[in-house]
Amino acid sequence: GAFSGFSSLTNLVLNDDLLSIGKEAFMGCGITTITLTPYLTSIGESAFSKCRNLSEVIVTINEFFPISLSVFTSIKSGAILYTPYSQLDKYNTDYYWRQYFSKAIEGEPYKNNIFTTSQSVVHIVGVYNGCHLIFFGYIVQ
């Protein structure tokens, strides 16, 4: 994947108009929190697998968002899922989401998905062209 194995990538900001995250895109990265943005329509297999520090996933998509079994394989034990209001029951009863998150909470913990850190940060703007997710961005060390 595009950033697969980039362990120094700890914070990730996805543009709100991002439509798709490719297969294994962030596999093995050091990401601690990810916000799934409102217009996201698909996440490829193993996109966030082996992100062993991933402890929070924030879903801002208004409708229930199904995932495949491999998307969050081997993330941090005890990871928390934040769901949109009125969607908590759907996430709590979905087989795949329940496999990875020990707790689901209704609502967003942050007003926006901007994080400050002294470590690596990647800002990604994606364009889905029917085949590939194209990344335009920058890395700040």
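The values are calculated or read from the model by the stated rules, or taken from the named source; none is laboratory data. Since the model is a prediction, treat every value here as computed from it, not as a measurement. Glycine also receives a Cβ, built like all others from the backbone with ideal geometry; neighbour counts cover every protein chain displayed. Accessible surface is based on the protein model in full, side chains and every heavy atom, while ligands, DNA and RNA are left aside. Shrake-Rupley method; radii C 1.70, N 1.55, O 1.52, S 1.80 Å.
Miscellaneous remarks
- For segment 14-24, taking the residues that are touching a strand residue (DSSP E or B) at 6+ places or on another chain (Cβ under 7 Å) and either polar (S, T, N, Q) or more than 19 Å from Ser55 (Cβ to Cβ) (or both), the one that is surrounded by the most Cβ atoms within 10 Å (Cβ to Cβ) is identified as Gly22.
- Residue match in segment 90-103 (condition: in a strand (DSSP E or B) and open to solvent by 50 Å² or more (accessible area, probe 1.4 Å)): yes
- Just one of (1) within 12 Å of the chain's Cα centre (by Cα); (2) modelled with pLDDT of 90 or more fails for Lys23. It is (1).
- None of Asn11, Asn62, Asn53 is open to solvent by 10 Å² or more (accessible area, probe 1.4 Å), within 23 Å of Ile105 (Cβ to Cβ) and touching a Phe, Trp or Tyr at 6+ places or on another chain (Cβ under 7 Å) except Asn11.
- Summed over segment 65-89, residues that are over 19 Å from Gly22 (Cα atoms) and either open to solvent by 60 Å² or more (accessible area, probe 1.4 Å) or touching a helix residue (DSSP H, G or I) at 6+ places or on another chain (Cβ under 7 Å) (or both) total 8.
- Strands (runs of 3 or more DSSP E) fully within segment 4-72 counting 1 or more residues that are touching a Cys at 6+ places or on another chain (Cβ under 7 Å): 9-14
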